[in-house]
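> Okay, handing you the structure first.
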Amino acid sequence: MQLSLRCLTDLFLILILLFILPLNSNAQNIADLLKSENFTEGFRPYLRIGIYVGVDSALIEGDAEVFDKTGKVVAKIQGRYTLSVKNGKIAISNQLTNGDMIKFKSKFGLIKVGKRMFRGDIEVWLRNGKLVLVNDLNIEDYVRGVINKEVIPSWHIETKKAQAVLARTFAVHQKMFNPRDKLFDLAPTVLDQVYDGLNQEDVTANQAVDSTRGEVITIGHNAVKIYFHSTCGGRTGSSQEVWKMRNDHLQAVDCPYCSNSRLYRWKRVLKSSFLTERFKAAGAKVGNVNNISTKRGATRVDSVIVNGQSFPVNRFREIVGFSTIWSNDFTVKKQGSNFVFEGKGAGHGVGACQWGMEGMARKNRNYRQILMHYLTGVEIRKMY
Ligand SMILES: [Zn+2]
């Protein structure tokens, strides 16, 4: 009976394949189709963040059990301890441990490292005689930790939901396609998203995270690479234009929504001597700055010509100051010994415009409509 059932199942599979194959001559397409059905299979919604990398010591505080790599309890802590390297081993204050990793699992789910409180587990690795501390935590807890750094408390709940989905998608994409290190997926710096443990959480942002749990922006079955910026100034820029990098979902779109940003329009009057000083400090030999012009792309400045020398706009902003020249969309004219910069928006202008998201939310758009407006051809899928 069992045998014949299996034969029937096999026959059924063959029949299905016979039907599918002529439609999809490319076997890869079938694999993709099957994969997209199993979108969530095997995905562990946890994220590893390097909180201290290559340090000699760190303080850890809490009520926790300490495990070795095999899952055996090797110590318990209650209170405050110094982690360090002694005789080539990881030491918890004076107690030496074996192996290249120990893991702290808190009784109450919270543990303090240095001055910051963390959810999840803390792993301590020994690498080249130094310590690497990794926070292993649920992605939802991570999103709670970063979202408040990215939104203004008074913003609309739909804006916060959109930002939560962006933050989650960023994390999932990094974990899947671009981990920072063998030991962790993300670094807690502005390079990734600013993550400051538990100290940053607040109530309405947490609601935004909970109500979008597991939702990720995808094309097909892949989480997309996410970019956002403060204010686009009226139209976003494509990643092709701004970074010479083609991403189908990062196209230029109109944004008549961000005019409440204080940097929707800005003006800076900079002395020629100030600019001369900045270029000198950056080691860019242009001499006394007496001539500046710009070369524009489709929506923004592409390069800035200073005394006949061309600088990519991002390098120009870096030299003069990212919060002096707020964006890559500006004009410049000379007035006596000053240069007058008049600009639109703040940030690189690619992807979602945060003040625009808030403007859309205030016009009763929900977070899905908001995200679909800024990101072309994407879906929002529940990953877990
Ligand atoms: Zn905008």
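> Do you know which residues across segment 330-360 are among the aliphatic types (A, V, I, L, M), within 13 Å of the ligand (Cβ to nearest atom) and either over 18 Å from S239 (Cα atoms) or surrounded by fewer than 16 Cβ atoms within 10 Å (Cβ to Cβ) (or both)?
M357, M360
> Could you tell me whether K382 is out of contact with any Leu (no Cβ under 6 Å at 6 or more places or on another chain), more than 30 Å from S154 (Cβ to Cβ) and not β-branched (V, I, T)?
no
> Now for a separate question. Does I305 count as more than 30 Å from V165 (Cα to Cα) and either in contact (Cβ under 8 Å) with a residue 40 or more places away in the chain or within 16 Å of the ligand (Cβ to nearest atom) (or both)?
So I305 does not fit the description; no.
Yes/no matrix, rows are residues, columns are (1) in a helix (DSSP H, G or I); (2) surrounded by fewer than 21 Cβ atoms within 10 Å (Cβ to Cβ); (3) among the charged types (D, E, K, R):
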| residue | (1), (2), (3) |
| --- | --- |
| E277 | yes, yes, yes |
| I370 | yes, no, no |
| T376 | no, yes, no |
| R381 | no, yes, yes |
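> Only one of (1) surrounded by 14 or more Cβ atoms within 10 Å (Cβ to Cβ); (2) at pLDDT below 95; (3) closer than 17 Å to I147 by Cβ is not met by K225, so which one is it?
With (1) surrounded by 14 or more Cβ atoms within 10 Å (Cβ to Cβ); (2) at pLDDT below 95; (3) closer than 17 Å to I147 by Cβ applied to K225, the lone miss is (3).
> Of the residues in segment 98-113, how many are loosely packed, with under 14 Cβ neighbours inside 10 Å and among the hydrophobic types (A, V, I, L, M, F, W, C)?
Residues that pass the stated criteria total 1.
> Would you tally the residues in segment 143-183 being of a type in the set (V, I, T), over 25 Å from N260 (Cβ atoms) and part of a loop (DSSP other than H, G, I, E, B)?
0
> If I ask for residues that are crowded, with 18+ Cβ neighbours inside 10 Å, more than 8 Å from the ligand (Cβ to nearest atom) and assigned to a loop (DSSP other than H, G, I, E, B), which ones from segment 231-252 would you list?
The answer is S238, N247, H249, L250, Q251, A252.
> Among R278, R262, which is the only one that is within 16 Å of the ligand (Cβ to nearest atom) and out of contact with any strand residue (DSSP E or B) (no Cβ under 8 Å at 6 or more places or on another chain)?
Among R278, R262, only R262 is within 16 Å of the ligand (Cβ to nearest atom) and out of contact with any strand residue (DSSP E or B) (no Cβ under 8 Å at 6 or more places or on another chain).
> Still on this structure: Does segment 337-351 include one or more residues that are in contact with a Cys (Cβ under 7 Å, 6 or more places away or on another chain) and under 18 Å from L250 (Cα atoms)?
yes
> Among S310, S327, which is buried (at least 24 other Cβ atoms within 10 Å of the Cβ), at pLDDT 95 or above and assigned by TED's automatic domain parsing to the domain that holds T276?
S327
The values are calculated or read from the model by the stated rules, or taken from the named source; none is laboratory data. Only a predicted model underlies this, so the values are computations on that prediction, with no experimental measurement involved. Quick reminder, even Gly has a Cβ in these numbers, built from the backbone with ideal geometry, and neighbours come from all protein chains shown.
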